[in-house]
1. Test of understanding: among A:I405, A:I450, A:I390, A:I411, which residue is closer than 30 Å to A:Y311 by Cβ and among the β-branched types (V, I, T)?
2. If we keep just the residues of the range A:548-558 that are near RNA strand B (Cβ under 7 Å from one of its atoms) and in a loop (DSSP other than H, G, I, E, B), which is surrounded by the most Cβ atoms within 10 Å (Cβ to Cβ)?
3. State yes or no: is A:K402 touching a residue at least 24 places away in the same chain (Cβ under 8 Å) and in contact with a helix residue (DSSP H, G or I) (Cβ under 7 Å, 6 or more places away or on another chain)?
4. Mind listing whichever residues of the range A:100-140 are among the acidic types (D, E) and closer than 27 Å to A:A481 by Cβ?
5. Please go through the range A:183-194 and give me each residue that is touching a residue at least 40 places away in the same chain (Cβ under 8 Å) and at negative phi, ordered by number.
6. Just to be sure I understand the filter: pairs with C-beta atoms under 7 Å, separated by 6 or more residues or on different chains, first member in the range A:324-346 and charged (D, E, K, R), second member away from RNA strand B (no atom under 16 Å from the Cβ) and open to solvent by less than 10 Å² (accessible area, probe 1.4 Å). Which pairs pass?
7. Going through the range A:447-469 one residue at a time, which ones are more than 14 Å from RNA strand B (Cβ to nearest atom) and open to solvent by 40 Å² or more (accessible area, probe 1.4 Å)?
8. Any idea which of (1) assigned to a helix (DSSP H, G or I); (2) closer than 14 Å to A:T490 by Cβ is the one A:E454 doesn't satisfy?
Amino acid sequence: MIHITLPDNSVKEFEAGITGFDIAQSISPRLAKEVLSISVNGEVWDLSRPINEDASINLYKWEDRQGKETFWHSSAHLMAETIEAMYPGTKFGIGPTVDTGFYYDIELPDGKVLSEKDLASIEKKMLELARQKNDIVRSEISKSDALKMFEAKNDELKLELISELEDGTITLYNQGNFTDLCRGPHLPNTGLIKAIKLTSIAGAYWRGDEKNKMLTRVYGVSFPKQKMLEEYLVMIEEAKKRDHRKIGKEMELFAFSENVGQGLPLWLAKGAQLRMELESFLKRLQKAHGYDQVITPHIGDVKLYKTSGHYQKYGADSFQTIKTPSEGEEYMLKPMNCPHHCEIYKIKPRSYKDLPVRMAEFGTVYRYEQSGELHGLTRVRGFTQDDAHIFCRPDQLKDEFKKVIDIVFIIFKALSFENYTAQISLRDPKNPDKYIGSAENWDKAERAIIEACEEKGLNTVTEIGEAAFYGPKLDFMIKDALGRSWQLGTIQVDYNLPERFDLEYIGSDDNRHKPVMIHRAPFGSMERFVAVLIEHTAGKFPLWLTPEQVVLLPISEKYNDYAKKVLKFLNNCDIRTVIDDRNEKIGRKIRDNELKRIPYMLIIGEKEVEKEAVSVRKQGEGDKGTMTSEEFVELVNLEVKNQLSGLYN
RNA sequence: GCCGGAGUAGCUCAGGGGUAGAGCGCAUCCUUGGUAAGGAUGAGGUCACGAGUUCAAUUCUCGUCUUUGGCUCCA
């Protein structure tokens, strides 16, 4: 007999060799119907795998991440089984799960290419096979047998994978006529998979290395119920409506022109207004936090970037240098602002009493991004960072770092970004060539970030090897409408550039010391931030950012004089205004699709003129009653104030 | 950059070897006077660009550019 500890810490006795499925059955038949996988002492197993010793277990259903993963992993196998049946001779790479669904990397025989049109027929065949309810059977195999088996199939992809595995740890999973190398776990049988959608097809380098050959990656998602698939598809459609590229076009926020060049956004009037509002918000915030605003040129002598090390690292993959016609000078479009700010720091001797120096600039930078990587406003070649560099003493570092985290939080709160991930990016110790500076400085910098995050009580994930080449960083990631993660705010600690630029301050001991540098951009870039903001608000911005706030609607032309008076007043109050000119030309006619996004409409007629008032309607809320234009301005200001309350102190 | 998909009116898209289509928008006029609206009429396109096949190409083929889903990259 063995003892099984359930999640509620109750202990049950079973015969050795009991399976997860049997345990579920013993708890309730309904649970047995829904359960998908089991964790045994923390390791996720198949339900049908016998348990031979005491263990604590967890049963996973669809609602659990582990349950979904098991389900999708088996779906990936089902897809592989189907593809092998339809295209014999196909070679299979890896077939893992992703956030939503699964994929399998494959290589079809004879250079055949799969296209989106083929997906429907694969889906259909997958469902046919699923209906056979084939058991998915786990078996252990020796390394030599595994190699023999896949040699027979001539599948060098699997052979490569097997060759890296340790003998004695290799398992196979079989269903129907299909057997795959796999660690598992899997569903008991394929019949649980009721609804399948193969979503897309893409190229992917074998093992993620661009030197390797490219395989075909087939993405899909599957569900235990048809209805869930339908809901999922509706959700995707809804998300597409929030795409910032679509809304940006509809609302005339930004545009691209082939003639200007790819990845170079044009900010249209309303988008520029939105952006300027965000900029002035941050400028005020930074002023309150002791930052100085500076302005530097868009180009810089190439030697600046040689000093910083950026040229050596990225020069070949950058926009190439600009040369003067006769003096032999070489300039770069600035790909970052740090070197310019370092030069400002060096303008005069600094005392320890002067530190920290906080230098902020909305600096437009230009980076050559591979053409295939460009994406709306989230990945562009010319963008404006809300950059700042803090030069401080080592003893001020942690405190300064924490203050920057505060600024990021204020921004996220002001815009209701709740679902962010804070990611600490450290260097990869196995790859020292990727980084500049001493190991000692890296240790100090990494420790400062980790400690500051701990002291702030920040929930973080740590990624090894994601650091910038000059220092570790803390990044704030936010998801777009379709769940793709984008890095917004970033805070980086840097001991290296101060050394390379020979920055100094005179300490209280009258000796020269090196300051520490913090690079930070809480928005990340105006472009990417606005993109994510659009997708989060679906174009319904907070009132303090809304490009248009009011439509003024005179009911008859004889009231236009009064309407003009109100208009003038509103403009003086910094209320952005659009006017319907149905009756007389006092403004441009408002379009229907604009109308939907304008928060307030003011109607002016006989009664209003008589009372020297306006009738107010709010989008989505209806009639707000009659008030004077002064009262209306007060109402709007109050609302803006509420949205921004408590942010600056 | 690599592997797929796409490029037709301002927008969203249908079509298809032989006068180029719809809806929305736009323009003009009418209607509507407490209203996030209705109707009529009209304007608009070298069917991304270049080459090839063909009596004939927007349609088929190839190339280029742009865009898009991924991969790689992201100071």
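The values are calculated or read from the model by the stated rules, or taken from the named source; none is laboratory data. What you see is a predicted model, and the numbers here were worked out from it, not measured in a lab. Quick reminder, even Gly has a Cβ in these numbers, built from the backbone with ideal geometry, and neighbours come from all protein chains shown. Please note that ligands, DNA and RNA were not included when accessible areas were found on the heavy atoms of the full protein model with its side chains. Shrake-Rupley method; radii C 1.70, N 1.55, O 1.52, S 1.80 Å.
1. Criteria check complete, one pass: A:I390.
2. The residue in question is A:I555.
3. yes
4. Within the range A:100-140, A:D105, A:E116, A:E123 qualify.
5. The answer is A:P185, A:H186, A:L187, A:P188, A:N189, A:T190, A:G191, A:L192, A:I193, A:K194.
6. A:K346/A:L503
7. A:R447, A:I450, A:E451, A:E454, A:E455, A:K456, A:G457, A:N459, A:T460, A:V461, A:T462
8. For A:E454, the failing item is (2).
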